[in-house]
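A.B. asks: Before I ask anything, here is the structure I am working with.
The values are calculated or read from the model by the stated rules, or taken from the named source; none is laboratory data. Being a predicted model, the structure only gives us computed values, none of them experimental. Reconstructed Cβ throughout: ideal geometry from the backbone, glycine too, with neighbour counts over all protein chains shown.
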Amino acid sequence: MLLAVLIANSEGNILVERFNGVPGEERLHWRSFLVKLGADNLKGVKNEELCVACHKSVYIVYTVLGHVSIYLVGKDEYDELALSEAIFVVTSAIKDVCGKPPTERLFLDKYGRICLCLDEIVWKGLLENTDKDRIKRLIRLKPPTDF
Amino acid sequence: MAQYVKKDDDLDEEEYSPFSGIEKGAVLQEARVFNDPQLDSRRCSQVITKLLYLLNQGDTFTKTEATEVFFSVTKLFQARDIGLRRMVYLIIKELSPSSDEVIIVTSSLMKDMNSKTDVYRANAIRVLCRITDGTLLTQIERYLKQAIVDKNPVVASAALVSGIHLLQTNPEIVKRWSNEVQEAVQSRAALVQFHALALLQQIRQNDRLAVSKLVTSLTKGTVRSPLAQCLLIRYTSQVIRESSMNGQTGDRPFYDYLEGCLRHKSEMVIFEAARAITELSGVTSRELTPAITVLQLFLSSSKPVLRFAAVRTLNKVAMTHPMAVTTCNIDMESLISDQNRSIATLAITTLLKTGNESGVDRLMKQITSFMSDIADEFKIVVVDAIRSLCLKFPLKFRTLMNFLSSILREEGGFEYKKAIVDSIVTIITDVPDAKEGGLLHLCEFIEDCEFTYLSTQILHFLGNEGPKTSDPSKYIRYIYNRVILENATVRASAVSTLAKFGAMVDSLKPRIFVLLRRCLYDNDDEVRDRATLYLNTIGGDGSVVETDKDVKGFLFGSLDLPLANLETSLKNYEPSEEPFDISSVSKAIKSQPFAEKKAAAKKPTGLGAPPAGPTSTADTYEKLLLSIPEFSTFGPLFKSSAPVELTESETEYAVNVVKHIFDKHVVFQFNCTNTIPEQLLENVTVVVDASEAEEFEEVATKPLTSLPYGTPGQTFVAFEKPEGVPAVGKFTNVLRFIVKEVDPSTGEAEEDGVEDEYQLEEFEVVAADYMLKVGVSNFRNAWESLGPDFERVDEYGLGPRESLKEAVSAVINLLGMQPCEGTEVVAANSRSHTCLLSGVYIGNVKVAVRLSFGVDSAKEVAMKLAVRSEDEAVSDAIHELVAN
């Protein structure tokens, strides 16, 4: 299960958080845990360079893209490698929508589109689409070209 | 929503947020544009984005707000704008309307689901599945089945992923789709195959044969996506695990497949296969080698995720097969300087497990520079690993002890400091040469220790160990400093420690008296009371001194009771005329550490759920048995064994047995768990065949009325045996019950059931079951107090053994007694060893045992067994145990 997708700005303010199968009372804990993890480790990290950690049986893969940081949390089959696959899809979709690694402003300008992308990529904790070109078409309700 | 911060207006344009000053109320007002007769698609999309922004920040809508927005949103189905339609699908899912509201959109969605535009269909399927209930699902089931085999991968994936979610809520419907899903597994589209494989396995997960067939066919065929390949590897290892449980012999099935995956082009697949191989039960080093080789390559990968995954897996392998991992040591050492601290910590702890004695010094040098820049939680892991290393290579204690003392002086939180102190104490206990140096390190630490708990622990330990050193006087200064400088709790501890020195070291007595007399004027009453008491006991106030033996017994003697048991009994004691009776406290030691380890090994069910607090098992058992009328006349419970598993893990029914020993009876408690959701078991009993246990006669059975899925229950069988006699025997068992089918959607069971049986493993009652593990704090005193009257000494040849350590632990397990003074630890490479054991045999007979072992170059182990007890017959019985 892909337990959480969380995107924050460089100060640690949440821009997007989508939890799956995480009880409401644990979300706040996860939010602050992830933001702290990013504050401790993301300084000086290059765009899309992946950081990784595990907490109990849960894996966390996170990175920086422009002025936003992206965190993915998973368990069981979504281990560190599956998460790095998923975060690659997320980062390429965001870059695609924004045209470049986004500033916070650009990210918020394209907020609706980004939500649609995330909706195509992760659906209730399962990875659904992984191809950025297909995702680009799907969010405009255009059929995929590659079948 | 706490994290959202409004931006200041004076920030420049680039930083200005389009959602600046956003407020839920205002957005809900804006949402009225959805009702306009002339829809402005652009505006509507913007408002939906704002709603999404609020929801994604963790904001919630009240029921009325959500309903209102939902109804307005449904109007947007009239709009022709494609972008807006996509947003509508998303916001409906996010709003998750209640079942009575859903009806308003179902017709629109059903229309979309049959639309000519494939992408409308995919989205409609996802929305419908998100908001649907059982009845609606039966209406659309036909379309979903078609969608699963649709040629458009987007539609097929949408239906399959929906199936995975729906399986949780409506399993009986989704299970009917297995033919279609089976077809989708063969799809040429990579992701469709991935989703279909996941769904098919979940549909069939309770049918081992079907999963095995699925794995067999797919491992021979083509799997298109790396993600699907990873799933297949996981399912394959599950099949391997289950087939090895069934006791199949010969070559391991599917190993070749796993090994082949190590050459896959995707790193994800390679890693998954390598991990699967390392986790095979009873994996041989020949099987491990190729997996270790690829993991070693990953260690020097430029991708942190790969390095992390590899080092994490190797760290696990090092626990069971340290030799297999040594080939990676050089790569592992370079990871100590890895930027990612998790990777570095894992590398270090792995090296500590796999390193050889000669490399310890170099390794410690590297670790020292690394310790300063990691968090406490990582440091604790390292400290624990260092403790294990020191026990493995006792000759290296100087280096390791110096390291521990240096980190003890640095900054750190309580848990970290406690871990270091615990490690030093363990090393002092197990490595005699480390004692004096270690005690001094601890003394220096308490000179500047901010944690009362740690200070008192160290003072207590110092009191027990310090007087036995060559120069006890050097510790007095550190101890008395505590009396001058610390808080009352620490001062009281220091007074007790001083008294211990006084009692044990005659030459120090006069000086200790002076110090203790000063404590009589302390401003805390506990400190004063202790000082008075000890002065009185050891004769510092000029009174008639009690005998030396009594004094030491008072100061050093333990209560011979586990403190946790005493605590529970005291809590249960209600103040009355009748004084508290210490003999009523159970002496059984709970094997808590093992239980904790087991619990830790289990997969956690949720995120960060706190572990259940430890419960006193001995107490719980006694209460439980007393509450059953059939057993209430059996008298006090002597001992309860640890649970013995009678089934393999992950079988249909999990059963283990706890053996409760009474004076004239034995009660077997069978703990049963039903792991099949579709079944309810009733009238559950265990039929025990005692034909190989002649002295036992069955007297009572207590069946379990009902055993629903997932809730453990107990059934009991009681046997009578000759009083006070340690009767032994073997028992074969069959679980007998009435099984009823359960409708998973309603949870109701059918009226009629079928009788059924399930074969369980056999178990034995052995002599060790009649021995209570009761430790003594001073073995010498215990040994001498038992006297030589009933001492029995004999010598035994134990034949060639794997190692001296193995022989010692085998004899300890055979006797079931408590090792004393850390003598269960055998120094590496030693050729002889003495082990001291104590216990209480059935009939409340105290027993002490001295075991002297010797091993020759051919690994032949000889043992001298000396037993003292309060009863001649018991001393003989212990010898018989070993002789047999």
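A.B. asks: Give me the residue from segment B:1-60 that is in a loop (DSSP other than H, G, I, E, B) and hydroxyl-bearing (Ser, Thr, Tyr) and, out of that set, modelled with the lowest pLDDT.
C.D. replies: Step by step, filter segment B:1-60, then rank; the result is B:Tyr4.
A.B. asks: Can you find, within segment A:77-92, the residue that is farthest from B:Arg307 (Cα to Cα) among those that are small (Gly, Ala, Ser) and more than 8 Å from chain B (Cβ to nearest Cβ)?
C.D. replies: The residue in question is A:Ser92.
A.B. asks: Do you know which of the residues in segment A:19-56 that are assigned to a strand (DSSP E or B) and modelled with pLDDT of 90 or more is farthest from the other protein chains (Cβ to nearest Cβ)?
C.D. replies: Among them, the one singled out is A:Asn47.
A.B. asks: Oh, and also: Hey, B:Leu625 hits all of (1) touching a Leu at 6+ places or on another chain (Cβ under 9 Å); (2) in a strand (DSSP E or B); (3) buried (at least 20 other Cβ atoms within 10 Å of the Cβ) but one; which does it fall short on?
C.D. replies: It fails just one condition, (2).
A.B. asks: Restricting attention to segment A:131-141, does a residue exist that is in contact with a Ser or Thr (Cβ under 9 Å, 6 or more places away or on another chain) and buried (at least 22 other Cβ atoms within 10 Å of the Cβ)?
C.D. replies: Yes, the conditions are met somewhere in segment A:131-141.
A.B. asks: Before we move on, is B:Ile292 over 19 Å from B:Gly355 (Cα atoms), crowded, with 18+ Cβ neighbours inside 10 Å and away from chain A (no Cβ under 13 Å)?
C.D. replies: So B:Ile292 fails the test.
A.B. asks: Sticking with this one: How about segment B:215-246: which of its residues are away from chain A (no Cβ under 14 Å), surrounded by fewer than 22 Cβ atoms within 10 Å (Cβ to Cβ) and part of a helix (DSSP H, G or I)?
C.D. replies: If the condition is that a residue be away from chain A (no Cβ under 14 Å), surrounded by fewer than 22 Cβ atoms within 10 Å (Cβ to Cβ) and part of a helix (DSSP H, G or I), then B:Thr216, B:Ser217, B:Thr219, B:Lys220, B:Val239, B:Arg241, B:Glu242, B:Ser243, B:Ser244, B:Met245 are the ones that fit.
A.B. asks: Out of all the residues in segment A:75-97, is one or more assigned to a loop (DSSP other than H, G, I, E, B), among the hydrophobic types (A, V, I, L, M, F, W, C), crowded, with 16+ Cβ neighbours inside 10 Å and in contact with a Pro (Cβ under 9 Å, 6 or more places away or on another chain)?
C.D. replies: Checked against the condition, which is being assigned to a loop (DSSP other than H, G, I, E, B), among the hydrophobic types (A, V, I, L, M, F, W, C), crowded, with 16+ Cβ neighbours inside 10 Å and in contact with a Pro (Cβ under 9 Å, 6 or more places away or on another chain), segment A:75-97 yields no hits at all.
A.B. asks: Okay, next question. Kindly list the number of the only condition in (1) of a type outside the set (A, V, I, L, M); (2) in contact (Cβ under 8 Å) with a residue 24 or more places away in the chain; (3) more than 9 Å from chain B (Cβ to nearest Cβ); (4) part of a loop (DSSP other than H, G, I, E, B) that fails for A:Thr63.
C.D. replies: Result: A:Thr63 fails condition (4) only.
A.B. asks: Still on this structure: Among the residues of segment A:126-146, is there at least one that is part of a loop (DSSP other than H, G, I, E, B), more than 9 Å from chain B (Cβ to nearest Cβ) and over 16 Å from the mean Cα position of the chain (by Cα)?
C.D. replies: yes
A.B. asks: Six or more apart or on different chains, Cβ atoms under 6 Å: show the pairs whose first residue is in segment B:426-448 and under 17 Å from B:Asp384 (Cβ atoms) and whose second is surrounded by fewer than 21 Cβ atoms within 10 Å (Cβ to Cβ) and of a type in the set (Val, Ile, Thr).
C.D. replies: Here the result reads B:Asp430/B:Val825, each pair linking segment B:426-448 to a residue that is surrounded by fewer than 21 Cβ atoms within 10 Å (Cβ to Cβ) and of a type in the set (Val, Ile, Thr).
A.B. asks: Anything in segment B:419-451 that is touching a helix residue (DSSP H, G or I) at 6+ places or on another chain (Cβ under 6 Å), within 17 Å of B:Asp376 (Cα to Cα) and assigned to a helix (DSSP H, G or I)? List them, or say none.
C.D. replies: Once the filter is applied, which keeps residues that are touching a helix residue (DSSP H, G or I) at 6+ places or on another chain (Cβ under 6 Å), within 17 Å of B:Asp376 (Cα to Cα) and assigned to a helix (DSSP H, G or I), segment B:419-451 yields B:Ala419, B:Ile420, B:Val421, B:Ser423.
A.B. asks: Kindly indicate which of B:Glu650, B:Glu678 is touching a Pro at 6+ places or on another chain (Cβ under 7 Å) and of a type in the set (Asp, Glu).
C.D. replies: B:Glu678
A.B. asks: Still on this model: Do we find a residue being in contact (Cβ under 8 Å) with a residue 40 or more places away in the chain, more than 14 Å from every other protein chain (Cβ to nearest Cβ) and not in a helix (DSSP H, G or I) anywhere in segment B:146-155?
C.D. replies: No, because not a single residue in segment B:146-155 is in contact (Cβ under 8 Å) with a residue 40 or more places away in the chain, more than 14 Å from every other protein chain (Cβ to nearest Cβ) and not in a helix (DSSP H, G or I).
A.B. asks: Which of the residues spanning segment B:295-353 are within 14 Å of another protein chain (Cβ to nearest Cβ), more than 22 Å from B:Lys265 (Cβ to Cβ), over 27 Å from the mean Cα position of the chain (by Cα) and buried (at least 19 other Cβ atoms within 10 Å of the Cβ)?
C.D. replies: B:Leu335, B:Asp338
A.B. asks: For B:Ser301, work out the one condition from (1) within 21 Å of B:Thr350 (Cβ to Cβ); (2) part of a helix (DSSP H, G or I) it doesn't fulfil.
C.D. replies: All conditions are met except number (2).
A.B. asks: Output the helices (runs of 4 or more DSSP H) that fall wholly within segment B:310-381 and possess 3 or more residues being over 27 Å from B:Glu415 (Cα atoms), or say none.
C.D. replies: Qualifying helices (runs of 4 or more DSSP H): B:322-325, B:329-334.
A.B. asks: While we're here: State all residues of segment A:98-117 that are buried (at least 20 other Cβ atoms within 10 Å of the Cβ), more than 9 Å from every other protein chain (Cβ to nearest Cβ) and among the hydrophobic types (A, V, I, L, M, F, W, C); if no residue qualifies, say none.
C.D. replies: Matches in segment A:98-117: A:Phe107, A:Ile114, A:Cys117.
A.B. asks: Checking the structure you have, find out if any residue of segment B:115-135 is assigned to a helix (DSSP H, G or I), at negative phi, surrounded by fewer than 21 Cβ atoms within 10 Å (Cβ to Cβ) and away from chain A (no Cβ under 14 Å).
C.D. replies: yes
A.B. asks: Another question, if that's okay. Being modelled with pLDDT under 80 and basic (Lys, Arg) is the filter; apply it to segment B:598-654 and report the residue that is nearest to B:Thr701 (Cα to Cα).
C.D. replies: B:Lys623
A.B. asks: Name the single residue, out of those in segment B:176-209 being in a helix (DSSP H, G or I), at pLDDT below 90 and within 23 Å of B:Pro253 (Cβ to Cβ), that is farthest from the other protein chains (Cβ to nearest Cβ).
C.D. replies: Per the stated criteria, the residue is B:Leu209.
A.B. asks: What's the number of the condition B:Leu54 fails, among (1) surrounded by 22 or more Cβ atoms within 10 Å (Cβ to Cβ); (2) in contact with a Lys or Arg (Cβ under 7 Å, 6 or more places away or on another chain)?
C.D. replies: Going through (1) surrounded by 22 or more Cβ atoms within 10 Å (Cβ to Cβ); (2) in contact with a Lys or Arg (Cβ under 7 Å, 6 or more places away or on another chain) one by one, B:Leu54 breaks only (1).
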